[in-house]
Amino acid sequence: MERSSGVSRRQLLRLGLAAAGMPFAPRFALGGEALRLTARAGSARISGATGPATAVWGYDGMVPGPVLRYRQGERLLVEFRNELPEPTSVHWHGLRLPNAMDGVPLLTQPPVDPGAGFRYEFALQDAGSFWYHPHSRSAEQVDRGLAGALIVEEREPLQVDRELLWVLDDWRLDSDGGIIEDFDNATDRAEAGRLGNRITVNGGPPPVLEARAGERIRLRLCNVANARIFGLVFEGHRPIVIALDGQPAIPHEPDGGRILLAPAQRTDLILDMAGRPGERFAVRDEYYAEKTYELTQIAYADTAPLRSSPLDAPVALPANPISEPDLSQAKLLPLLFDEERDKAEWRVNGVPGFDHLGAPLFSLKRGETCRLHLHNDSDFEHPIHLHGYAFRVLKRGGRPLDRPEWRDTVLIGRREAVEVAFVADNPGAWMLHCHILEHQAAGMMGHFEVG
Ligand code: C2O
Ligand code: CU
């Protein structure tokens with residue numbers, strides 16, 4: 001392993017040894033041992049083993065950061081250190097945690113200055129696929145590589161033959177492999193965000209999915225790109241969605257066979273490898289109609305099938321302990337997202353938010369149920385994220401969803417409205433923002449309070 005500098009063997013085991021394209025090493029119970037995690041400069045093989053190295057910022061200098069792996073009910077205990085040249089923090093995206101651990105500088109904690117540290121400690125209530133990233137100048141810090149997956153295993157593991165993780169990212173590189181440092185440029189802010197020119201899976205060129213006929217794979221997809229939306233199609237296969245943003249979903253085939261992943265979203269899939277020995281299939285990204293491309297391939301080994309018909313085991317995940325919103329009692333709050341074109345500013349209810357301060361967008365009483373009517377009055381799409389909560393997505397364009405799903409980030413189409421609901425049972429000041437990080441930087445951000 002080239003990535004082991006500075007960490008003990010026990011920590012490495014906890015970190016899951018998730019090198020690019022490599023399946024996880026088994027998890028080891030470490031009885032609450034603190035894990036050290038350091039944000040620092042590093043060098044990454046984004047362009048592959050033979051391409052030029054890329055200077056990045058990463059957790060432990062790695063891109064993506066180490067996979068943190070726990071079991072539901074365990075405590076996360078991270079001794080974070082900042083060795084970057086500027087302040088930062090760690091936000092645990094999608095986790096329902098105490099507000100003081102949410103990692104939002106000025107709102108929930110002081111910024112972590114260069115050379116300083118912060119101790120994050122909280123119980124992991126929900127099983128699922130989550131991730132972590134900074135909440136300081138995110139458009140640049142996340143883009144430079146500060147992002148990692150956090151996996152919380154179910155108490156009873158799902159029966160699969162293998163588990164894989166794809167952390168999807170998008171980079172804007174020059175011909176020498178360096179990151180083009182026009183972070184937050186005016187066009188990206190005003191339009192669709194920073195779309196890059198190189199897609200990576202686990203920090204490198206997407207690895208071929210080497211499969212054995214008949215096996216069942218659980219594939220965790222996590223989009224850590226600043227702005228790129230993915231629409232993945234697994235040709236010749238019928239993936240089943242079992243979780244969205246870490247939260248269990250009623251197992252289903254995605255609409256049109258396409259797995260949609262907006263920035264910050266995660267999807268867990270069951271892939272029954274139904275091809276025959278020696279066959280190959282494409283995995284395509286068909287989100288942007290004029291710019292579809294082959295992400296990677298599925299390559300079947302010549303080995304005889306592992307089994308002749310798909311594994312006969314349940315794929316539904318047990319629910320996480322989230323309160324169900326009671327809509328008859330709900331408080332309805334409209335949020336309007338729009339753009340002030342002249343200033344290239346984004347606003348929530350008419351107000352741009354550039355830092356984590358300012359007045360709250362709304363306040364809720366603890367335990368109250370809230371229905372948010374999220375209206376995108378613009379010509380761009382926005383993945384809207386709430387901290388501290390998972391919410392039920394109820395309606396899209398006024399129509400109730402067939403499968404109201406739990407999410408922490410919901411993609412809202414152009415001129416579209418989406419309605420979500422949640423029980424405000426987690427007190428504190430929580431961010432609400434677009435996860436296209438250039439939009440966030442340009443004002444599409446605010447917070448709400450739960451008393
Ligand atoms: Cu991924 Cu404010 O969060
Ligand atoms: Cu946006």
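Structure notes:
- Put simply, of His387, His382 the only residue that is within 12 Å of ligand 2 (Cβ to nearest atom) and closer than 20 Å to Ser138 by Cα is His382.
- Scanning segment 131-158 for residues that are in a strand (DSSP E or B), away from ligand 1 (no atom under 13 Å from the Cβ) and among the aliphatic types (A, V, I, L, M), we see that the one that is surrounded by the fewest Cβ atoms within 10 Å (Cβ to Cβ) is Val152.
- Criterion violated by Lys291 - all others in (1) surrounded by 13 or more Cβ atoms within 10 Å (Cβ to Cβ); (2) within 30 Å of Ala139 (Cα to Cα) satisfied: (1)
- Leu361 meets each of the listed conditions (1) in contact with a Ser or Thr (Cβ under 9 Å, 6 or more places away or on another chain); (2) modelled with pLDDT of 95 or more; (3) within 16 Å of ligand 2 (Cβ to nearest atom) apart from (1).
- Residue match in segment 250-261 (condition: of a type outside the set (S, T, N, Q), touching a residue at least 40 places away in the same chain (Cβ under 8 Å) and crowded, with 21+ Cβ neighbours inside 10 Å): yes
- Tallying residues that are farther than 16 Å from Asn99 by Cα and within 13 Å of ligand 1 (Cβ to nearest atom) within segment 430-451 yields 10.
- 3 or more residues at negative phi and among the aliphatic types (A, V, I, L, M): qualifying strands (runs of 3 or more DSSP E) within segment 220-266: 240-244, 259-261
- Residue within segment 390-397 that is assigned to a loop (DSSP other than H, G, I, E, B), buried (at least 20 other Cβ atoms within 10 Å of the Cβ) and in contact (Cβ under 8 Å) with a residue 12 or more places away in the chain present: yes
- Scanning segment 159-185 for residues that are aromatic (Phe, Trp, Tyr) and assigned to a strand (DSSP E or B) yields Trp166, Trp171.
- In summary, Asp188 fulfils each of the numbered conditions (1) closer than 30 Å to Phe422 by Cβ; (2) within 16 Å of ligand 2 (Cβ to nearest atom); (3) in a helix (DSSP H, G or I) with the single exception of condition (1).
- Search result, residues across segment 353-394 that are within 16 Å of ligand 1 (Cβ to nearest atom) and of a type outside the set (A, V, I, L, M, F, W, C): Gly353, Asp355, His356, Gly358, Pro360, His382, Pro383, His385, His387, Gly388, Tyr389
- Test: residue in segment 406-415 that is crowded, with 22+ Cβ neighbours inside 10 Å, more than 13 Å from ligand 1 (Cβ to nearest atom), in contact (Cβ under 8 Å) with a residue 60 or more places away in the chain and closer than 20 Å to Asp326 by Cβ: yes
- Here Gln125 meets each of (1) in contact with an Asp or Glu (Cβ under 8 Å, 6 or more places away or on another chain); (2) touching a residue at least 60 places away in the same chain (Cβ under 8 Å); (3) among the polar types (S, T, N, Q) with one exception, condition (1).
- From Arg81, Arg119, Arg69, residue being away from ligand 1 (no atom under 16 Å from the Cβ), part of a strand (DSSP E or B), modelled with pLDDT of 95 or more and buried (at least 22 other Cβ atoms within 10 Å of the Cβ): Arg69
- Neighbours by Cβ (under 7 Å, 6+ apart or cross-chain): first from segment 417-436, free of Cβ contacts under 8 Å to residues at least 60 places away in the same chain and part of a loop (DSSP other than H, G, I, E, B); second away from ligand 2 (no atom under 15 Å from the Cβ) and of a type in the set (Phe, Trp, Tyr): none
- Residue within segment 416-429 that is closer than 23 Å to Ser138 by Cα and within 16 Å of ligand 1 (Cβ to nearest atom) present: yes
- Sole residue being away from ligand 2 (no atom under 16 Å from the Cβ), surrounded by fewer than 21 Cβ atoms within 10 Å (Cβ to Cβ) and in contact (Cβ under 8 Å) with a residue 12 or more places away in the chain, chosen from Arg341, Arg371: Arg371
- Which numbered condition Ala421 misses (of (1) within 16 Å of ligand 2 (Cβ to nearest atom); (2) among the aliphatic types (A, V, I, L, M); (3) within 21 Å of the chain's Cα centre (by Cα)): (1)
- When Gly278, Gly214 are screened for being in a loop (DSSP other than H, G, I, E, B), crowded, with 19+ Cβ neighbours inside 10 Å, touching a residue at least 24 places away in the same chain (Cβ under 8 Å) and at positive phi, only Gly214 passes.
The values are calculated or read from the model by the stated rules, or taken from the named source; none is laboratory data. These numbers come from a predicted model, not from an experiment. For neighbour counting, all protein chains shown are included, and Cβ atoms are generated from backbone atoms with ideal geometry for every residue, glycine included.
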